[in-house]
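Chemist: Handing you a structure now.
Since every read-out is calculated from the coordinates, none of them should be taken as a lab result. Fair warning: this is a prediction, and the values are worked out from it, not measured in the lab. Cβ placement follows ideal geometry from the backbone for every residue including glycine, while neighbour counts extend to all protein chains displayed.
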Amino acid sequence: MRFSGRDWWFIFLLGTIYAFNFIDRMIIAVVGEPIRQEFGLSDFQLGIMGGAAFALFYGGIGIPIARLAERVSRVGLIATATAVWSAMTMLSGAAMGYGQLLLARMGVGIGEAAFTPSVVSMIADRFEPRKRATVFSMIAVGVSAGGAIGALGGGWIAQQHGWRMAFLIMGAPGLLLALLLWLTIAEPKRRNAGAVAPPFGKVLSRVGRSSAFVSFTIGSGMVALVGFGLNIFLIPLLIRRFGFDVGQAALTFALAFSLATASGGVIGGLLADRFASNHPQRYGYLPAFSTSLALPLFIAAIYQDDWRVLAVLIFAATFCLYAFLPTIMTVTQRLVEPRMRATAAAIHAFGQTVFGLGLGSAFLGLMSDWLARRAYGAEYVADCFAAKDGIPDALCSAASGTGLQQALMLLGLFLLLAIASYWVAARSIAVEIAAVEGKEV
């Protein structure tokens with residue numbers, strides 16, 4: 001599979017922007033525990049700040065921005081969005097309270113909403129179908145690289161200079177990347193360029209009638225629910241249950257989670273292009289199989305009392321969990337006509353992000369608080385979020401760690417729905433792709 005020099009620059013630059021997209025998105029997970037302690041927050045409030053506040057605006061504004069991407073320069077949209085989310089990340093470091101930080105995280109969500117729909121639309125126009133999963137998988141390595149950089153760099157900065165400086169330093173490079181994108185990447189020529197972008201209602205009706213699209217979106221939403229929950233709360237879990245400091249927890253996160261998402265996504269994309277391009281039903285069977293492997297590994301990992309065993313099992317579970325998420329994003333593009341692709345990608349991202357990151361993080365935080373109260377007793381809130389009245393911090397940490405551990409184990413059960421959804425998608429995808437691509441000019 002060969003690519004030109006310009007193609008490699010496209011992949012590299014968009015992958016780098018995706019990395020900082022994810023750094024700015026997940027830095028809250030790295031510094032969440034220090035913020036929680038400084039502002040006296042519950043896990044539910046942490047879940048709202050780290051997930052729901054971002055996801056609701058990310059998903060909600062993503063659809064109208066995707067509609068815009070059907071008509072205007074997608075390069076310009078991504079460049080503008082990159083500058084916006086970078087600036088909002090820097091402003092997060094200046095927040096003086098929970099409310100201000102919540103508003104800044106909403107701003108990050110608004111900025112990042114333009115990225116994925118515009119990128120997958122450009123990939124569909126620039127590359128032939130047999131290369132698309134591989135291309136997006138390589139760009140999506142930026143997610144894992146961003147997770148690792150955000151964890152290691154953000155953790156070190158937070159440990160040495162405080163969580164506010166982590167936001168400021170990690171947000172700044174995006175401003176330069178936005179300018180570089182604008183100057184060096186040309187807008188791809190649209191396939192069926194003479195066609196008019198259909199109304200949103202027509203696109204929504206079109207994807208709503210697609211059993212494969214709906215099933216893939218539900219499946220990816222459930223995987224995102226577990227994956228984003230782990231992304232937000234793994235570092236707090238390591239700090240509470242194993243006594244790690246922020247730097248140690250961030251290093252473990254980078255090795256156990258970020259490295260796994262990178263390797264899983266790339267290998268999954270290569271496997272999909274190798275084994276599924278001529279057998280579309282395998283686009284459903286492959287993620288169903290990998291998610292079936294991820295479920296017992298995830299449950300076993302969260303159950304562990306030895307952090308080293310936990311890290312190894314988290315790596316294996318995350319590898320399986322994220323192996324085919326980039327592939328699914330590109331495959332959904334084959335289920336709609338060319339001028340519907342950016343909007344379809346935004347609808348898929350809406351389901352994946354809002355139900356996965358938004359509702360999932362809030363649900364996980366709420367369950368964690370409830371289970372921590374059960375582990376500690378009726379005075380958990382008064383003792384652990386107020387003056388503590390002489391109660392040792394260790395008791396509060398133990399209860400919050402136990403509550404979070406149990407909540408994560410319950411969260412893993414949502415993967416059963418993901419497995420079933422991918423299986424359903426596999427049953428209809430071949431017929432649906434043939435129907436759409438038979439109409440393309």
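Chemist: What does the helix-only formula give at 222 nm for the chain: each DSSP H stretch with n ≥ 4 adding -39500 (n - 2.57), the total divided by the residues, and the result rounded to the nearest 500 deg cm²/dmol? Walk me through the numbers before you get to the answer.
Modeler: Details: 21 runs with 346 residues, N = 441.
Computed ellipticity for the chain at 222 nm equals -26000 deg cm²/dmol.
Chemist: Taking every pair of Cα atoms in segment 335-381, average 1/r, invert it to obtain the Kirkwood radius, and report Rg/Rh to two decimals. Present the calculation step by step, with values, prior to reporting the outcome.
Modeler: Working: Rg = 18.5 Å, Rh = 13.2 Å.
Radius of gyration over Kirkwood radius for segment 335-381 works out to 1.41.
Chemist: On full extension of the chain, what length is gained from residue 103 through residue 267, given 0.36 nm per residue of separation minus the C-alpha to C-alpha distance?
Modeler: On the way: separation 164, 0.36 × 164 = 59.04 nm, distance 3.73 nm.
The residue 103-residue 267 span can extend by a further 55.3 nm.
Chemist: Mind telling me which of 45, 405, 37 comes out most flexible in a GNM of the chain, alpha-carbon contacts under 10 Å?
Modeler: 37
Chemist: Specify the longest stretch of the chain that does not include any exposed loop site, a site being one of the trypsin sites (Lys or Arg not before Pro) with a non-H, G, I, E, B DSSP assignment and at most 12 other Cβ atoms within 10 Å. Write down the numbers at each step before the final one.
Modeler: Details: sites that count: 2, 71, 189, 209, 439.
So the longest stretch without any such site is 210-438.
Chemist: Select from 399, 140, 323 the residue whose mean-square fluctuation is largest in a Gaussian network model of the chain (Cα-Cα springs shorter than 10 Å).
Modeler: Maximum among the listed residues: 399.
Chemist: With no solvent and one equal point scatterer placed on each C-alpha of the chain, evaluate the Debye formula and give log10 I(q)/I(0) for q = 0.08 Å⁻¹, two decimals.
Modeler: For the requested q values the scattering log ratios are -0.41.
Chemist: In debye to the nearest 20, how big a dipole does the chain give about its Cα centre with +1 on each Lys and Arg Cβ and -1 on each Asp and Glu Cβ? Walk me through the intermediate numbers first.
Modeler: Values: 32 positive and 23 negative charges, 329 e Å.
The dipole of the chain has a size of about 1580 debye.
Chemist: Considering the dipole of segment 240-399 built from charges on the beta carbon (Lys and Arg +1, Asp and Glu -1) around the Cα centre, which of 263, 285, 248 is farthest to its positive end?
Modeler: Looking along the dipole axis, the top candidate is 285.
Chemist: Set the Förster distance to 60 Å, then compute FRET efficiency between residue 398 and residue 179 from the Cβ-Cβ distance, nearest 0.05. Write down the numbers at each step before the final one.
Modeler: On the way: r = 49 Å, r/R0 = 0.81.
Computed FRET efficiency for residue 398 and residue 179 comes out at 0.80.
Chemist: While we're here: Can you give the FRET efficiency to the nearest 0.05 for residue 304 and residue 431, using r as the Cβ-Cβ distance and R₀ = 45 Å? Intermediate values should be presented prior to the final figure.
Modeler: Working: r = 44 Å, r/R0 = 0.97.
Calculated value: 0.55.
Chemist: Rank-order 311-320, 349-358 by packing density, defined as the average count of other C-beta atoms within 10 Å over each peptide's residues, highest first. Intermediate results must be reported in sequence, preceding the final value.
Modeler: Details: 311-320: 22.7, 349-358: 25.2.
The packing order, highest mean first, is 349-358, 311-320.
Chemist: Still on this structure, I have one more. What is the distance in Å between the Cα centroid of segment 46-112 and that of segment 285-311?
Modeler: Value for the Cα centre distance between the two parts: 31 Å.
Chemist: Using the 4.7 Å Cβ rule, please list in number order the cysteines from the chain without any candidate partner.
Modeler: Singleton cysteines: 320.
Chemist: Cα centroids of segment 228-284 and segment 3-25: how far apart, whole angstrom?
Modeler: 19
Chemist: How many nm is it between the label spots at residue 245 and residue 9, if each spot is 7 Å from the Cα in line with the beta carbon?
Modeler: A separation of 4.4 nm, rounded to one decimal place.
Chemist: If you take the beta carbon distance between residue 189 and residue 410 as r and set R0 to 56 Å, what does 1/(1 + (r/R0)^6) give as a FRET efficiency, to the nearest 0.05? Please list the in-between numbers first.
Modeler: Details: r = 49 Å, r/R0 = 0.87.
Between residue 189 and residue 410 the formula returns 0.70.
Chemist: For the residue pair residue 275 and residue 39, what label-to-label distance in nm results when each label sits 7 Å from Cα along the Cα-to-beta-carbon direction?
Modeler: The two pseudo-label positions are separated by 4.4 nm.
Chemist: Follow-up question, since we're still on this one. For a quick check, take a GNM of the chain with Cα springs below 10 Å and name the residue from 125, 383, 369 with the largest mean-square fluctuation.
Modeler: Maximum fluctuation in the GNM of the chain, among the listed residues, is at 383.
Chemist: Please report, in debye to the nearest 20, how large the charge dipole of segment 45-178 is about its Cα centre when each Lys and Arg carries +1 at its beta carbon and each Asp and Glu carries -1 there. Don't skip to the end; give the middle numbers.
Modeler: Numbers: 9 positive and 4 negative charges, 40 e Å.
The calculated dipole for segment 45-178 is roughly 200 debye.
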